[in-house]
Structure formats: C-alpha cells, structure tokens
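Quick notes on the structure that follows.
The values are calculated or read from the model by the stated rules, or taken from the named source; none is laboratory data. As the structure is a computational prediction, the values presented were derived from the model and not from experiment. Positions of Cβ are generated from backbone atoms using ideal geometry, with glycine treated the same way; all protein chains shown enter the neighbour counts.
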Amino acid sequence: DLSLKTVLRAELGEVEGIPLTKPICSTWDQVWKFKARPDDLLIATYAKAGTTWTQEIVDMIQQNGDVEKCRRDTTYRRHPFLEWSLPESSGAGLELAEAMPSPRTMKTHLPVQLLPPSFWEQNCKVIYVARNAKDNLVSYYHFHRMNKGLPDPGTWEEFIDKFMAGKVLWGSWYDHVKGWWKAKDKHRILYLFYEDMKENPKQEIQKILKFLEKDTNQEILNKILHHTSFEMMKENPMTNYTKELQDIMDHSISPFMRKGVVGDWKNHFTVAQNQKFDEDYKKKMADTSLVFRMEL
Ligand code: A3P
C-alpha cells in the first residue's frame, strides 16, 4: 500500500528553543495569534501524561454522563488539538478550533511560555495533568515507536538521553511540569496528577467537577467513572485512536491504549539507567516544590 509507505517520520524544528514538528513551526504565527474566548476550557499536558483520559472525563461531565453524546466523534474532533497540524493540511487543530461553537474545550501540549497569550488575557480555565517522569518517558517512547507523526525514537537508551536533555518534541518534561506548576499561582489552573487519578479517580473527577462549577449525582458520577476506565477506553473506537489516523499510528507495534498503569518504568529501566536518571532528576527538580509519586 503506497499511502502507508509514503508517510515519512516527522522532523523537528524549534520555536523559542522548544523542539516542535516542522508543520507546527511553519504555522507558529497563527498558533501564537490564536484568539481564545473567555469560556474556552483548555486541557494542557506534557504528551502522554493522561490527556485523552482527562478529555473523556471532561466530556462526560459536560454531556452530563451521556455516553452516546460522547461517542459523537473521536477525541481530537471533540477537543481540537490546538497547535497540531500535519504536512499538506494547514493548521488542522486551529481550523477545528476556529470552526467550533462556544463553549469550546481544547487540548495542548505547549509549555507554559508558548501558550498563546489570549488564553491569559481571557482568563480561561486550564486543567493541567502531570505524570511522573519515568512512566511519562516510557509511554512517550512507545508512542514514538507506533506514531509516524513523531520522529524516530532510536533505541530505548538513546531515547532516555534525548528525554533527559529535553531534545524531544515539546521539549523538556522537567521545564514543562515546573513551568505550569508555577503558573497555577497566578492563573485559573487545576493541576492534577496521573497517579492521583489512578489511585482515586472518583476524588479527582470531583475536583474537576468543582473546578468546572458543575454538580452531579452519584449515579452520573459512577457512570463517568465506569466509562472513563482504562478498560472501557481501550475498547472505545472514539477514544483509542483506531478509527482514524491509521496511516500514522500502527497499533500492532504498540497500542495507543497501552497499559495505563503507574510504575511500568520498572519493566524498562536497567539499574544503571535508573541511577543515572535519578541523579539528573534531583538536579533538574531541585528548584521546585513539585513532588511526584513513581509508584502507588
Ligand atoms: P501508557 O502508554 O503508559 O499505557 P495521552 O492521552 O496524554 O497521550 O496519554 C496516554 C497514556 O495514558 C497511555 O499510557 C495510556 O494508556 C494512558 N491512558 C489513557 N486512558 C487511560 C485511562 N482511562 N486510565 C489510565 N490510563 C489511561
């Protein structure tokens, strides 16, 4: 099949020192000038921190637990991916966002300093989700293997080094989580952790409900919990990315809904890799009050 073979691996450029794909770099002016509206909701994450999961929870809340309404389209059409675009289709995320009636919910992986300023000007609500570095790295590695829209990850060993150096798409994980953590003191940001969501999803969903100024009953809350479990989302074509982007994502290499657990890093890091990573981590995270749990 020609169409499969002609999809080339993405190349990275840079915006303000942050590695971004060439299509994002070439549409950057439009991304930066994006006009947020006051009732926009933004879900921001470092890639692979639990974005899709959070998107499904938010949609279930917004649709009052109506599963059928949440099946109206795939995740990225329900919540435009702000900066994302692929070659030959100019500004896909932007186009979807601009065409969407309010109130909109959107997704971004941009580091805080690259967020289009209109989001701050309009005082938009942002839900940020962070995941511990090691699990985030493992998930990102497997995602690079299966997704041709991203650069070739190289070997696991090579990818660890690139991740530590921040030489990966969307830049340094360390700066990303720290930057958004700092921003939460000045802006309307709900800062959540993947580990907390795994440990007590009900409690974290309740935090989101409160942040969105929504109320719900136990029955709907239980429905949200059930519908957004890893097992349900893995089987749902509207959330597992099997319905579209088949020429970009190869789920036979590694499924988008891969494992969905805390602590899978233990199956990947050697003792030496872990030691090196920990030493570097301590230095990079010395200047923040942010604390992550690497296991439950
Ligand atoms: P793993 O690769 O560790 O399995 P994102 O949506 O930001 O790309 O994040 C994807 C990661 O979140 C993947 O992690 C995926 O399996 C996990 N994930 C998706 N839905 C989930 C859910 N309902 N519960 C737990 N983890 C989920």
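Residues that are surrounded by fewer than 13 Cβ atoms within 10 Å (Cβ to Cβ) and closer than 14 Å to ASP161 by Cβ within the stretch 263-274 comprise THR270, ALA272, listed in sequence order.
In the set LYS186, LYS207, only one residue is closer than 26 Å to CYS124 by Cα and surrounded by fewer than 14 Cβ atoms within 10 Å (Cβ to Cβ); that residue is LYS186.
Looking only at residues in the stretch 231-244 that are surrounded by fewer than 16 Cβ atoms within 10 Å (Cβ to Cβ) and away from the ligand (no atom under 12 Å from the Cβ), the one that is modelled with the lowest pLDDT is GLU244.
Kindly provide the set of residues from the stretch 277-296 that are outside any loop (DSSP other than H, G, I, E, B) and either surrounded by fewer than 16 Cβ atoms within 10 Å (Cβ to Cβ) or charged (D, E, K, R) (or both), ordered by number. It would help to see each step written out before you state the result.
We begin by selecting, within the stretch 277-296, every residue outside any loop (DSSP other than H, G, I, E, B); these are 277-284.
Within the stretch 277-296, ASP278, GLU279, ASP280, LYS282, LYS283, LYS284 meet the criteria.
Can TYR194 be described as crowded, with 18+ Cβ neighbours inside 10 Å and at positive phi? Against the criterion (crowded, with 18+ Cβ neighbours inside 10 Å and at positive phi), TYR194 does not qualify.
Quick check on this structure: which one of THR288, THR228 is closer than 24 Å to LYS198 by Cβ and within 16 Å of the ligand (Cβ to nearest atom)? Step through it out loud before you land on a result.
Numbers: THR288 fails: within 16 Å of the ligand (Cβ to nearest atom).
Only one candidate qualifies: THR228.
Return yes when ASP247 is more than 11 Å from the ligand (Cβ to nearest atom) and farther than 24 Å from MET294 by Cβ and no when it is not. When the stated conditions are applied, ASP247 passes them.
When the stretch 251-276 is filtered for residues that are part of a helix (DSSP H, G or I) and more than 15 Å from the ligand (Cβ to nearest atom), the ones remaining, listed by number, are VAL271, ALA272, GLN273, ASN274, GLN275, LYS276.
Residues of the stretch 184-222 that are more than 20 Å from ASP59 (Cβ to Cβ), in contact with a strand residue (DSSP E or B) (Cβ under 8 Å, 6 or more places away or on another chain) and more than 16 Å from the ligand (Cβ to nearest atom): LYS184, HIS187. When restricted to residues that are in a helix (DSSP H, G or I) and more than 16 Å from the ligand (Cβ to nearest atom), the stretch 160-183 contains 11.
Reported count of residues in the stretch 12-27, each being of a type in the set (A, V, I, L, M, F, W, C) and within 16 Å of the ligand (Cβ to nearest atom), is 0.
Give the residues of the stretch 234-279 that are of a type in the set (Gly, Ala, Ser) and either touching a Cys at 6+ places or on another chain (Cβ under 9 Å) or within 20 Å of VAL67 (Cβ to Cβ) (or both), sorted by residue number.
Step one: of the stretch 234-279, the residues of a type in the set (Gly, Ala, Ser) are 252, 254, 260, 263, 272.
The answer is GLY260, and nothing else.
For the stretch 137-159, give me each residue that is in a helix (DSSP H, G or I) and in contact with a strand residue (DSSP E or B) (Cβ under 8 Å, 6 or more places away or on another chain). Within the stretch 137-159, MET146 is the sole residue that qualifies.
As an exercise: evaluate LEU221 against (1) surrounded by fewer than 16 Cβ atoms within 10 Å (Cβ to Cβ); (2) touching a helix residue (DSSP H, G or I) at 6+ places or on another chain (Cβ under 7 Å); (3) over 30 Å from SER85 (Cβ atoms) and give the number of the one condition it does not meet. (1) is the only condition that LEU221 fails. Selection of the stretch 253-288 for residues being out of contact with any Lys or Arg (no Cβ under 6 Å at 6 or more places or on another chain), in contact (Cβ under 8 Å) with a residue 12 or more places away in the chain and of a type in the set (Gly, Ala, Ser) yields GLY260, GLY263. Residue count for the stretch 28-55 under the criterion of being within 16 Å of the ligand (Cβ to nearest atom) and assigned to a helix (DSSP H, G or I): the result is 5.
Note on the stretch 129-161: residues that are out of contact with any helix residue (DSSP H, G or I) (no Cβ under 7 Å at 6 or more places or on another chain) and within 22 Å of ALA286 (Cβ to Cβ) amount to 1.
Residue by residue through the stretch 56-79, note down the ones that are outside any helix (DSSP H, G or I) and not polar (S, T, N, Q).
Initial filter on the stretch 56-79 (outside any helix (DSSP H, G or I)): 63-66, 71-74, 79.
Result: GLY65, ASP66, ARG71, ARG72, ASP73, HIS79.
With assigned to a helix (DSSP H, G or I) and more than 15 Å from the chain's Cα centre (by Cα) as the only criterion, which of GLU219, GLU213, GLU195 stands out? Lay out the reasoning, then the answer.
Details: GLU213 fails: assigned to a helix (DSSP H, G or I); GLU195 fails: more than 15 Å from the chain's Cα centre (by Cα).
The conditions single out GLU219.
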